[in-house]
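Written below as structure tokens is the structure these notes are about.
The values are calculated or read from the model by the stated rules, or taken from the named source; none is laboratory data. Since the structure is predicted, the reported quantities are computational estimates derived from the model, not experimental observations. Here the Cβ positions follow ideal geometry from the backbone for every residue, glycine too, while neighbour counts run over all protein chains shown.
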Amino acid sequence: MREQGLYKKYQVTKTSTGEEVEGVFILKPDTDPIAIAALQKYAELTEDELLAGQISEWLEALELMGSELPTKCDYCEDIAKVKSSPFMGDAGASMCKCCWDITREEYRASHGEEIGEF
């Protein structure tokens, strides 16, 4: 995937006036698992219960249709960027940076060995 940062990819207009809206960021959860993670967090934090429910239903429908879901840490279950576990006993497990850093310190203290940077 080519990195482009923030740029104006879409033109958004306000339905009631037809005026262009500035300062918006478009999420496409049907094609982007990171957008799903952002919308899950939004639904969790918004005080608008109706909106939260509608977002959750939308995301459930996308999951049923086979949309790619965001990665989760197998240790804390947070949605995060993950890396394969450094331990043979956890083959196939994924670990987020936070869990990796905690495990790294614990492993160094108990075994005197280093598992490396995330």
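What to note about this one:
- Segment 86-111: number of residues that are of a type in the set (A, V, I, L, M) and in a strand (DSSP E or B): 1
- Residue check, Thr46 modelled with pLDDT of 95 or more, of a type in the set (S, T, N, Q) and in contact with a helix residue (DSSP H, G or I) (Cβ under 6 Å, 6 or more places away or on another chain): yes
A quick yes/no check of all residues on (1) in the same structural domain as Cys98 (by TED's automatic domain parsing); (2) under 28 Å from Ala93 (Cα atoms):
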| site | (1), (2) |
| --- | --- |
| Ile26 | no, no |
| Pro29 | no, yes |
| Ala38 | no, yes |
| Tyr42 | no, yes |
| Thr46 | no, no |
| Glu63 | no, yes |
| Asp78 | yes, yes |
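- Boolean, Lys28 is exposed (fewer than 12 other Cβ atoms within 10 Å of the Cβ) and either among the β-branched types (Val, Ile, Thr) or under 17 Å from the mean Cα position of the chain (by Cα) (or both): yes
- Pick from segment 42-52, criterion surrounded by 12 or more Cβ atoms within 10 Å (Cβ to Cβ) and part of a helix (DSSP H, G or I), ranking: farthest from the chain's Cα centre (by Cα): Leu51
- Lys83 meets all of the listed conditions (1) in a loop (DSSP other than H, G, I, E, B); (2) under 17 Å from the mean Cα position of the chain (by Cα) but one, namely (1).
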